[in-house]
Amino acid sequence: MEKKVELTKNQLARLPQYLAFFKKCVDTGLKYINASIISTALSLSEEQVRKDIQVISSVSGVPNRGREIKKLIADIERVLGFNNTNNAVIVGCGHLGLALLKYDGFNDYGIEIVGGFDNDPNVIGKEFGNKKIYDIHRMLGKIKELNALIGIVTVPSEVAQKITDNLISCGVEAIWNFSGIKLKVPSNIIVSDVNMAISLSELSHKLYMQKIKENNNGK
């Protein structure tokens, strides 16, 4: 029976960093790695790295060598679910939706975009990034045909809840929400919110604090 691994929000944020770093290490020919090397390379606490690795690793480390990097990569991809490709559709093919539709890096994260939906006749029937855009009124039959379990919502906030309800009725089990509002969903539906307002506020505040610091240092 596979061990169930519960990750904190902070650990989920760090694991993709580890994964990218480990893949670079493999490309250089490195076979083993330890927490000290990882923490130095990624500017993280060594104790923090050690705890993260212990949580996800399926094997013990080798004395004086650390853990095998390829096994760490396999463990991270397993825990994050990257080994099981899930089909996804994008609803709302404006500028953001089209950018996501054309992005070819989702496969690295176990997600394959299989199509988009919109009500704009100027984009319906066209392909972007080899992904076809369908009439939004065809969602019910088409999503089941595409076997999509993930719905990426990039529509305006005023219609986001209705679109989400429709996606759930079509059999979608997870929502990646770019609408900026809190969606109401059944307890068995997974929702991940992308709040660009919060991210931009954090960025703007950090820039403000940096300028304050620079001004104070200049006195």
Item to check | Exposure rank, largest accessible area first [H95, H137, H205; 1.4 Å] | outcome: H95, H137, H205
Next on the checklist: If the elastic network links every pair of Cα atoms under 10 Å, which of L203, L15, L42 fluctuates the most in the Gaussian network model of the chain?
Outcome noted: L203
Checklist entry - Using helices alone, what [θ] at 222 nm do you get for the chain, with -39,500 (n - 2.57) per DSSP H run of 4 or more residues, divided over all residues and rounded to the nearest 500? => result -14500 deg cm²/dmol
Next on the checklist: Is the C-alpha gyration tensor of the chain telling us rounded, prolate or oblate? Criteria: a/c under 1.5 is rounded; beyond that, a/b larger than b/c is prolate, otherwise oblate.
Outcome noted: oblate
Checklist outcome for this item: the chain accessible area per residue, 1.4 Å probe, protein heavy atoms, integer Å², reads 63 Å²
Checklist entry - How large is the dipole of region 90-219 about the Cα centre if only Lys and Arg carry +1 and Asp and Glu carry -1, each at its Cβ, rounded to the nearest 20 debye? => result 360 debye
Checklist outcome for this item: Out of N119, S36, A160 - ranked by how far each Cα lies towards the positive end of the dipole of the chain, with unit charges on the beta-carbon of charged residues - the top one is S36
Item to check | Solvent-accessible surface (1.4 angstrom probe) belonging to T28, in square angstrom, nearest 10 | outcome: 110 Å²
Checklist outcome for this item: Computed for the chain: size of charge dipole around the Cα centre, +1 on C-beta of each Lys and Arg, -1 on C-beta of each Asp and Glu, debye to nearest 20, value 580 debye
Checklist entry - Ranked from the most accessible area to the least, with a 1.4 Å probe and all protein chains present, what is the order of I150, I198? => result I198, I150
Item to check | Partners for K24 among lysines (Cα-Cα distance below 24 Å; same-chain residues under 8 apart left out) | outcome: K51, K70, K71
Next on the checklist: Can you give the local net charge around G97? Use residues other than it whose beta-carbon is closer than 12 angstrom to its beta-carbon, Lys and Arg +1, Asp and Glu -1.
Outcome noted: 0
Checklist outcome for this item: Taking only the alpha-carbon positions of region 33-140 as identical scatterers, the Debye log10 I(q)/I(0) at q = 0.13, 0.14, 0.24 Å⁻¹ comes out as -0.64, -0.68, -1.20
Checklist entry - Per-residue accessible area for C170 at 1.4 Å probe radius, Å² rounded to 10? => result 10 Å²
Checklist entry - If you look for lysine pairs in region 93-180 that are eight or more places apart or on different chains, how many of them have Cα atoms under 21 Å apart? => result 12
Next on the checklist: Pairs of alpha-carbon atoms within less than 8 angstrom and 6+ residues apart define the contacts here; what relative contact order does the chain have, in percent?
Outcome noted: 12 percent
Checklist entry - When the convex hull of the C-alpha atoms of region 1-96 is computed, what volume per residue in Å³ does it have? => result 150 Å³
Checklist entry - Of G171, H205, G151, whose Cα points farthest to the positive end of the dipole of region 150-217 (charges on the beta-carbon: +1 Lys, Arg; -1 Asp, Glu; origin at the Cα centre)? => result H205
Next on the checklist: Quick check on the chain: of the DSSP beta bridges with both residues there, what percent are antiparallel, nearest 5%?
Outcome noted: 20 percent
Checklist entry - Antiparallel as a % of all DSSP beta bridges within region 28-138, to the nearest 5? => result 35 percent
Next on the checklist: About the Cα centre, and with charges only on the beta carbon of Lys, Arg (+1) and Asp, Glu (-1), how big is the dipole of region 142-219? Nearest 20 debye, please.
Outcome noted: 300 debye
Checklist entry - Round to a whole number: what % of the accessible area of region 108-168 belongs to carbon and sulfur, probe 1.4 Å? => result 46 percent
Checklist entry - Which one of N216, N86, I190 has its Cα pushed farthest toward the positive end of the charge dipole of the chain, where Lys and Arg give +1 and Asp and Glu give -1 at the Cβ? => result N216
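The values are calculated or read from the model by the stated rules, or taken from the named source; none is laboratory data. Every value quoted in this text rests on a predicted model; they were computed, and no experiment measured them. Glycine gets a Cβ as well: all are built from the backbone with ideal geometry, and neighbour counts include every protein chain shown. For accessibility, only protein heavy atoms count, side chains too; no ligands or nucleic acids. Shrake-Rupley method; radii C 1.70, N 1.55, O 1.52, S 1.80 Å.
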